[in-house]
Each structure stands twice: as structure tokens, then as C-alpha cells.
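Comments concern the structure below.
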């Protein structure tokens, strides 16, 4: 028996965090979710602001950024394929620097959109006072309220008291919140359009690492690059600066080993980019030695769609994303403690280096994991299936709010 068709819905994304932010995995995920919902005929409205996780996150609108910033205190529309982002231009891009006046202006616009658009669902992320007020006002307007948990940072019950549906990317993160906070969270998977990330003519010869911060394992990558620099200068690492500065990591780690400098000869640094396809086209394997809690790790799935085997830390959501499509590392417990500057021994790192070298030198070893990665990504992380799950959850929420049957 086939499922009943999902009724068309009006969905309002309402958050001061910009979905154009390329430095935020959550923003990238939600943007793709909304695009998929528009493609299925749902009506999506976006009310945001120019708040970014990192200044580099403006790369999607870099060409017009100076013009946008000049309109502080005003509203601008940014067309983004099938989406239109209505953004309040803030004086600063960091969330803690929003003024009470800016929050008041944004909230006044929210009330206007609730009346004019009449959404079935109001969707956002964040757990501060403005988000709590957004949930209350959404309910008063008759809408269901959904929120996305993109990390493990949320605590307590007040911030989500008026939220009807909590979503996240992985079963692992849902279980984490269920056990620690008692939240019921629905895992909907990752949302990645293969056409936007798969390289057409790959020539893989580099070791890729994205986001050089301590919590993402940048010190681990730096030390391994140091160990390989003279031994295997032909093995080139490519580091993408989504947030952190690789130069800062190199200074920190090389100084700790008595070799202070700010660069390594076997590392190429690439700035944050909207289009990752050229980088995936050059990648032989992906390093994701994340030391903090990570809910999923979309870069893992993007790499797997390209047949790039990842090497990931065996913690949080990355192992769930990986499946059997790559290798897992169990770091010593001290490495998982903030500020994530504790390095495992060189002897431990040599075990990882051995696998990196095998991915470069052994076509059979690389081919085995490459084929597994590509197959798992296409089946386990199918965007159509994940959109089905999201659509049904939203439709059920809308039905509960109106008292109608789905």
C-alpha cells in the first residue's frame, strides 16, 4: 500500500543565523533541506540576518558583501537559486555582538511575517532568548515549531519548552541527547546534493583536511605532515581554511617540538570556498580526526560520494556517517579533552601515517575503500530518502497543530 501524498506546506525559516554561511555546517544543511522542500512544491520563506559563525563564511556572497554591509540596520534580499533570503543587516557578524535594537528590529519583522505568510511550520536553530521568543510567537500564530540540533552544545529544558519537533542529522546525536538531556530528537540524515559536490574529472593525489582548528584535530594533522615532510615529500596535504588559520596551528605544533616555523613544505593551504568539487577532485583520502563531539560530519559523506576514503575519529557522528567506507581511529582519552591540544605519541600517529601511505601507494587498498565509500554514500545517505523523512515529520507536525489527519 503506497503512502498518502504529503500536503503542501508553508515553512518559515526564522533565525538571525544566515543560511548563506559557508563556515557553518548547520547552515549548509538547512539550506539544502529547504531547497529540497521547494523542489517538492512546498512554499519556503526565509527571514534571517547577517550573522555568520566565522568571517570567512560570507564567501557565498563575497562579490556583494561590501554593498550589503553598507546597509546596516536595513533589510536586503539575496536570491539563491529557488530560495530568497530576506536578511537584516547587522553591524557585526558575530552572534554575541547583536544589539538589543537589532534583535528588536528582527523580531518586529518576524511578527509581520507570521501574520502575512501564515506558516504551517516555523523552523530555526539556536537556543537563546530570541529563539525562545520566536517559538512562543510561532505558536500564537498557529504554527508548529521545529528546531535543528547541529552539535552537542544544548543543555536544559527551558530553551526547547515551546518546540514541538527537534531534528538532527544522525542517530548518534539523537541518542546522545536522549541519554544526557532526555530530549526526543528525530534523526533525518544529511542533506547533500551529489551534483553540487562530485568532481567530474578527478585526479586524486592529495590528502585533504578541512577546517584547521584544534577541536577538529588540526594539531594531529600538522604533526603527521611534519613526520612525512622529509620522508615522503611527494605526499601533499591540502588544508581548507573554513574557520581556523593553518598558520596558527603550525606555529603552535612546531614550537612544541622545538622547530618553530609558520609553514610546512608539503602542505598547500586553500581558502574557504563555496565549490568543493575541485578539492575533492584532487583528494586521495580525507582526514577527519575530530576530537570534539560532532553530530555528523557532512564532509565525510561528500568525500564518500566522490569515492574518497575518509579516516575519521571513532567518536560522535562521524563513524555513523562512515560505515565501512573508510577507517576509524580511537584516540587516547586525553586527546578528547578541551582545548584539544594534547597530541598522541608519534608512535601512535605512525599507525595512521601507514594507512595514509597505503592509500597513496597501494591501488588495491585505495580501490577497495573507494568503491565501498561510493556505494555507501549513494545508498545510506540518499538525499531523496532523507527528504522523504523530513517532509513526513513536518507534515505530521502541521497536522497535529491543525488537528487534521495526515
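The values are calculated or read from the model by the stated rules, or taken from the named source; none is laboratory data. Everything numeric here is computed off the predicted structure, so don't read it as measured data. Glycine also receives a Cβ, built like all others from the backbone with ideal geometry; neighbour counts cover every protein chain displayed.
Key figures
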{"item": "Listing of strands (runs of 3 or more DSSP E) fully contained in region 1-103 that carry 1 or more residues being loosely packed, with under 13 Cβ neighbours inside 10 Å and more than 25 Å from the chain's Cα centre (by Cα)", "result": "none"}
{"item": "Neighbours by Cβ (under 9 Å, 6+ apart or cross-chain): first from region 29-43, on the phi > 0 side of the Ramachandran plot; second surrounded by fewer than 23 Cβ atoms within 10 Å (Cβ to Cβ)", "result": "41/8"}
{"item": "Members of region 316-343 that are outside any helix (DSSP H, G or I), farther than 20 Å from residue 359 by Cβ and in contact with a strand residue (DSSP E or B) (Cβ under 9 Å, 6 or more places away or on another chain)", "result": "317"}
{"item": "Test for residue 350: is it touching a residue at least 60 places away in the same chain (Cβ under 8 Å) and in contact with a strand residue (DSSP E or B) (Cβ under 7 Å, 6 or more places away or on another chain)", "result": "no"}
{"item": "So residue 209, is it assigned by TED's automatic domain parsing to the domain that holds residue 302, more than 17 Å from residue 321 (Cβ to Cβ) and buried (at least 20 other Cβ atoms within 10 Å of the Cβ)", "result": "no"}
{"item": "Top-ranked residue in region 298-315 [being in contact (Cβ under 8 Å) with a residue 60 or more places away in the chain and outside any helix (DSSP H, G or I); ranked as nearest to residue 383 (Cα to Cα)]", "result": "306"}
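Matching residues to (1) under 24 Å from residue 26 (Cβ atoms); (2) surrounded by fewer than 17 Cβ atoms within 10 Å (Cβ to Cβ); (3) at pLDDT 95 or above:
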position	(1), (2), (3)
281	no, no, yes
318	yes, no, yes
322	yes, no, yes
331	no, no, yes
335	no, no, yes
341	no, yes, no
